[in-house]
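For reference, the structure discussed in these notes is given below.
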Amino acid sequence: MTKADKSDKTIDAVIVGAGFAGIYMLYKLRQQGLEARIIEAGSGVGGTWYWNRYPGARCDIPSMQYSYQFSEDLQQEWEWSEKYATQGEILTYAEHVVQRFGLADGITFNSRVLATHYLGGEERWRVELDSGEEIHARFVVMATGCLSKPNYPNIEGLNEASVPVYHTGNWPHDGVDFTNRRVGVIGTGSSAIQSTPIIAEQAQSLTVFQRTPNYSIPAYNEPLDPGYVAQLKSRYAEYRQENWARGFGADFDDNDQSAFAVSDDERQRAYEERWAKGGLAFLAAYNDLVFDMDANDTAREFFKSKIAARVDDPALAEKLVPSTPIGCKRLCVDTHYYEIYNQAHVSLVDLNETPITRIEGNAIVTGTTRYEIDAIVLATGFDAMTGAVMNIDIRGENGLRLQDKWAAGPKAYLGLATAGFPNLFLVTGPGSPSVLSNMLPSIEQHVEWISDCIEFMNRHQHRSINPDRDAEEAWVEHVNEVAQTSVYPGCNSWYLGANVEGKSRVFMPYLGVPPYVEKCDEVVAAGYEGFTLSSAS
Ligand code: FAD
Ligand code: N01
């Protein structure tokens with residue numbers, strides 16, 4: 001059989017990825033009676049929650065909000081057990097959704113999309129899998145995730161290490177027992193901050209290699225109070241609706257006041273109250289904490305004192321205090337993180353004083369010191385926002401390669417589509433609130449926008465949709481302008497691509513859920529303004 005024979009059939013859509021985005025996309029397209037198929041590299045659904053099985057992994061948005069809202073029955077039926085659900089519970093939830101809505105037969109597992117090329121005259125995409133299979137589809141939806149391509153550090157000797165090396169974003173499914181082992185953890189972001197307290201409980205010794213400290217606030221995780229759950233479920237839909245009006249798309253008990261609208265004492269009291277509750281809501285204590293450096297400094301000073309109070313050795317505490325604005329990297333949420341450093345078998349290596357030079361067999365070497373270990377944990381994060389998409393050889397009109405188009409930074413209209421790549425959609429792509437929001441609602445908003453668009457196209461017999469370059473340029477500029485009004489560009493974060501060697505530095509997420517959703521709705525109301533819709537040739 002020739003390639004041409006194999007390609008006779010064209011399905012409606014290929015969806016890449018079976019995380020929360022891919023699952024819901026499949027559900028929505030099937031509701032329209034369309035033929036869609038998910039291709040997933042892993043052996044199961046859940047995406048983030050399938051891959052990140054490191055000890056202590058859980059959400060940092062409260063579970064009652066970090067869940068789908070598209071089905072009232074689903075949100076009423078599902079019972080979360082804790083304020084912040086564990087990785088295992090979130091994975092079970094994703095599996096439940098797939099089973100409940102009968103989606104499993106639309107997913108091909110253990111299969112990676114290597115390439116997808118647009119066949120111009122035919123207005124369809126050829127999708128190539130690592131199995132050698134080719135699928136033709138009118139639409140391709142990249143539900144590949146913002147934090148799904150692990151970032152492996154470029155450290156000499158790492159690949160030749162004589163001890164096991166684990167990445168938090170690709171953790172063994174059977175778990176890892178660190179009992180009686182000397183463990184070295186590289187990185188101090190959320191993944192390290194969640195996992196190290198548990199690793200410390202097991203390990204003979206734990207050495208944490210820190211390049212940049214992060215701010216972290218206690219989670220105060222606890223079982224969910226049935227009274228609270230019942231009260232929230234009695235008005236769940238209304239509650240969800242209210243959250244769309246909030247900057248992060250989540251209920252952080254937002255205070256619409258400047259940090260300087262109150263006295264120093266009152267501000268201190270408010271910070272203490274937020275601290276006592278824990279979690280990301282701290283940053284909503286005042287409306288200018290991530291927009292005004294002076295306001296940010298008041299929160300920074302407060303955090304410094306809290307970190308100092310949690311660590312016995314003042315010199316060590318000093319090393320754990322960041323010098324960057326608070327919030328410009330995602331605030332971490334921990335359970336007894338700083339306290340690990342009060343244990344004799346836990347130590348911190350400040351890589352600013354002595355950078356890692358190489359891995360030598362079973363040792364992490366910094367300058368003249370060799371740290372002998374039995375296991376290495378890379379908590380080194382992700383090639384965020386663009387990594388998974390750029391990993392695929394995507395070619396649009398006239399053979400344009402996405403890797404070339406995005407070489408100097410990603411360009412996407414509303415983070416939903418990119419000019420020159422008709423009928424290819426991105427879920428929570430660069431230029432959308434994505435990681436600066438509660439991701440589950442943001443995923444739903446994107447999936448609904450895309451499925452409505454496909455439905456509109458079919459109803460009006462449009463064959464293709466493509467963003468206009470001018471509209472795209474203007475949007476990318478706007479995303480950057482908004483970012484410049486905030487503290488976000490103020491540190492080397494993965495929001496900017498600064499954590500990956502050689503990656504262009506462009507601020508990728510859009511700041512502000514309500515104006516973003518409004519803009520998406522306006523574009524549709526104006527007949528997909530900023531897009532060109534073409535009918536059959
Ligand atoms: P993912 O869940 O990343 O799924 C993408 C899928 O695409 C993956 O399964 C991957 O295997 C697959 N894939 C990628 N490329 C290919 C390819 N070429 N071929 C085939 N398959 C491919 N967000 C929050 O809002 N709140 C939280 O509390 C929160 N906690 C997080 C905790 C961790 C540890 C991490 C890493 C992220 C967290 N996030 C959180 C962000 C999280 O990524 C999103 O909330 C959400 O799960 C993303 O879903 P998704 O479907 O878009 O992508
Ligand atoms: O990754 P990160 P993460 N040598 O990029 C360091 C979500 N998430 O997996 O800051 C030495 O934050 C790097 O140092 P630096 C959440 O959105 C949520 O922890 O680049 N160190 C940094 O300290 C989060 O923001 C939860 O100087 C190196 C660390 O590795 C996002 O996922 C839990 C290095 C990476 O931190 C990513 O978090 C987990 C090198 N060569 C994740 N390379 C929740 O709590 C990198 N580092 C819900």
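Only the coordinates and a few stated rules stand behind these numbers; no lab work does. A quick note: this is a predicted structure, and the numbers were derived from the prediction, not measured. Don't worry about glycine lacking a Cβ; one is built from the backbone with ideal geometry, like all the others, and counts go over all protein chains shown.
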Counting other beta carbons within 10 Å of each residue's own, what order do ILE450, ILE107 fall into, fewest first? ILE107, ILE450
Student exercise, the chain dipole from Lys, Arg, Asp, Glu Cβ charges, in Debye to nearest 20: 1020
What shape does region 65-158 have by the C-alpha gyration tensor, where a ≥ b ≥ c are the square roots of the eigenvalues, rounded means a/c under 1.5, and otherwise prolate means a/b greater than b/c and oblate the rest? oblate
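Chymotrypsin sites (Phe, Trp or Tyr not before Pro), restricted to region 402-461: which are DSSP loop and have at most 15 other Cβ atoms within 10 Å? Walk me through the numbers before you get to the answer.
Values: sites: TRP406, TYR413, PHE425, TRP449, PHE456; in loops: TRP406.
Sites meeting the loop and neighbour criteria: none at all.
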Nearest 10, in degrees from 0 to 90: the angle of helix 293-310 to the longest Cα principal axis of the chain is 50
Could you tell me the calculated FRET efficiency between GLU201 and GLU360, based on Cβ-Cβ distance and R0 = 35 angstrom, to the nearest 0.05? 0.80
Determine the distance separating the Cα centre of region 367-409 from the Cα centre of region 272-344; give it in Å without decimals. 29
Principal-axis tilt of helix 190-202 within the chain, Cα atoms, nearest 10 degrees: 50
If you build the Cα gyration tensor of the chain and take the root of 5 times each eigenvalue, what three semi-axes come out, in whole angstrom, biggest first? 38, 28, 23
Note the full-extension length gain between GLU339 and GLU273 as 0.36 nm times their separation in residues minus their Cα-Cα distance, in nm to one decimal. 21.7 nm
So, in nm, how far is label ARG370 from label GLN257 when the simple model puts each one 7 Å beyond its Cα toward the Cβ? 6.0
Give me the one-decimal nm value for the distance between modelled label points at ALA498 and GLU397, 7 Å along each residue's Cα-to-Cβ direction. 3.6
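Helix-only estimate, please: 222 nm mean residue ellipticity of the chain, summing -39500 (n - 2.57) across DSSP H runs of length 4 or more and dividing by its residues, to the nearest 500.
Taken over the chain, the calculation gives -9000 deg cm²/dmol.
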Expressed in nm to one decimal, what extension gain is obtained for the pair ALA104 and GLN241 from 0.36 nm per residue of sequence separation less their Cα-Cα distance? 46.4 nm
Using only the Cα atoms of region 127-242, what are the Rg and Dmax in Å? 21.1, 57
Which distance in Å, rounded to a whole number, links the C-alpha centroids of region 450-519 and region 108-149? 22
When SER131, SER111 are arranged by how many other beta-carbons sit within 10 Å of their Cβ, fewest first, they go SER131, SER111
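Figure the gain on full extension for GLN32 and ASP130 (residue separation times 0.36 nm, minus the Cα-Cα span) and round it to one decimal in nm.
The GLN32-ASP130 span can extend by a further 32.4 nm.
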For region 234-362, using Cα atoms only, the Rg and Dmax in Å read 18.2, 59
List the residues of region 399-427 whose backbone N lies under 15 Å from a point placed 7 Å from the Cα of GLU473 along the Cα-to-Cβ direction. 411-413, 419-420
How much space per residue, in cubic angstrom, does the convex hull of the C-alpha atoms of region 159-303 take up? 188
Would you mind counting up the charge near GLU79? Only other residues with Cβ under 12 Å from its Cβ, with Lys and Arg at +1 and Asp and Glu at -1. -2
Estimated FRET transfer efficiency (ASP294, GLU318; beta-carbon r; R0 22 Å; 0.05): 0.45
Likely footprinting exposure, THR368, THR188, THR48, fewest C-beta neighbours within 10 Å first: THR368, THR48, THR188
